[in-house]
Every structure is written in C-alpha cells, then in structure tokens.
1. Would you mind estimating how fast segment 100-146 diffuses translationally, via Stokes-Einstein at 4 °C and 1.567 mPa s with the Kirkwood radius over Cα pairs, in µm²/s?
2. Magnitude of the Cβ-charge dipole of segment 195-247, K/R +1 and D/E -1, about the Cα centre, nearest 20 debye?
3. Spelling out what I want: for every residue of segment 122-136, take phi, set θ = phi - 60°, compute 6.51 cos²θ - 1.76 cosθ + 1.60 (Karplus), and round to whole Hz; glycine and proline get x.
4. Would you mind computing Rg(Cα) / (2.2 N^0.38 Å) for segment 70-109, counting N as its residues?
5. Loop-only check: which chymotrypsin sites (Phe, Trp or Tyr not before Pro) in segment 60-137 are DSSP coil with at most 12 other Cβ within 10 angstrom?
6. Using alpha-carbon positions, what is the distance between the centroids of segment 40-80 and segment 113-141, in Å?
7. Could you give the length gained by full extension between Trp74 and Arg119, i.e. 0.36 nm per residue of separation minus their alpha carbon distance, to one decimal place?
8. Test of understanding: what is the full-extension gain from Val34 to Thr245, defined as 0.36 nm times their sequence separation minus their Cα-Cα distance?
Amino acid sequence: MATRKSAATCALAAISLISAAVTVAPTASARECVWRLGPDLVLIQDNGLRVEGSTDNNHVVGTVRYAHTGGDDWTTGTLDGPGGLTGDGSTFSMKVNWTQGPGAGTSSSYTGHIGNDKRILGSTTNNPGGVQTGWTSQYSAFCDEPPIKDLEVTPGEPLGTPAGPADNKPATPKAPTEATVIADTDIYDKPDGKGQRIGTLFVGETHPLMEPCRDDWCRVGQIELGGFEGLPNGTAWVYAKGFLTFS
C-alpha cells in the first residue's frame, strides 16, 4: 500500500509541475481609431442654425460663420484660442467671438465628442445669457488605424503572447483618401439619387475624398463649381460603383 501511495503522490506532483508551466496569453484588445476630420466643418444646430468652418490637421482654422439653414444672414467670427479635436482625439471644442453680422458682439463655446456613427455630437453655449443648444456635425470623421507600437520587453519576464497564426493576420487597410475616375460619370449637389446634375467627371481624374463614402455615394473635392445649398463650394456627390477606384 505504501508503494501505491508513493506512486500516486509522484503522479500528482508531475501534473502540478506541468500545470504550473502553462501560461495563458492575455486577450488582445481591439485597436481604437485615430480620428481625422475632413477639411470642411459643418455643424447643424437644433435651433436651425448652420455653423461652417475649415479644419487642417484636426484644428479649426480661419474664420467661422453661421446663418439660419438655407438663409443668407451670416454672422462671422474668429477663434478664441485653439479649436478642434483635443484630449484623447475624439473630443471636440472651440470658442468663437462673433465680430460681424447680426450676432456681432457675442460669443459661442462648442463642446462635443465623436459618436458611434462617426459624426460629432455636442452642445453650444451662447454668451451672454448662457443659453445652450445641441448640434450634430454634417460630415463624418475618418477612422484611421493607430501606429503599431514596439513590443515592450522586461528582461527576465516572459513575453505576453506566443508567436503563432494570430500574429500573421493581415493589417487592417487604411481608409482611402482619394478617388480616381475609371468611367465618365455625372456629379450631383445631393447624394442618394436625390440631387440635380451639376457637372461631369472624366476618366483619369483624381479627386480627394472629403468624408467616408456611404451607400456607394461619395463626396469629392477640388471641383470648379459654384456654391449649392447644403454643399460646400468646390465639392460634389458622385455614385462610386463602376465609376471610381480608391487609394
């Protein structure tokens, strides 16, 4: 009986040693977006006002203006300090001092964040008075992949994830930024087949994408056009399938 007990004890000890040698790799978390704003900033406020500006490298630049949607009662102003994406890269803020037009002599502070549909949601506080109103950006932000960081290794410590098939997954492609015309096609002032024809793109032309495409409709830029209601000057909508390739 003593011999059997000793053998069982040895077997249990061996199993314990094998179990102790096995380490479970931590689950990799999903990589988040590096957000990028398009060049046109358009905020649609709940009170019927349309706020327009421009961005460069996620910063609001130049003058900002607002008017009633469809109206021509523009008030223009200048930034009070830096504006654009701040903090973790998904938070938006800016303050504008209004200098010309019906709202001259007042100021507005804008704060918001990028929502699940890639549009910026936020609120405006108007001064004097402190009256607040909500707003939503007209155009979506771009979601770029963040750069891959070098693996940090502590001498004497095991690596967190063993090499294997999971390390060979192809990298997620970067969102396209340009469209090349592969067949002559018409352009429109509104997407989804609801707009009027305002021009034509020809084979071989390359145009920047102004925001992510949706339902095969893309807004492209650097087009010599006049302004259309709801459409920033120099841009147009085009149906992509069979007419555009992206890079």
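1. The calculation lands on 105 µm²/s.
2. For segment 195-247, the charge dipole is close to 100 debye.
3. For segment 122-136, the Karplus-derived couplings read x, 9, 10, 10, 9, 10, x, x, x, 6, 10, 8, x, 7, 9 Hz, x marking Gly and Pro.
4. Compactness ratio reported: 1.39.
5. Qualifying residues, ordered by number: none.
6. Between the Cα centres of segment 40-80 and segment 113-141 lies a distance of 12 Å.
7. 13.8 nm
8. Here the answer is 73.6 nm.
Only the coordinates and a few stated rules stand behind these numbers; no lab work does. Just so you know, these numbers come straight off a predicted model, no measurement behind them. Because the Cβ atoms are built from the backbone with ideal geometry, glycine has one as well, and the counts that use them run over all protein chains shown.
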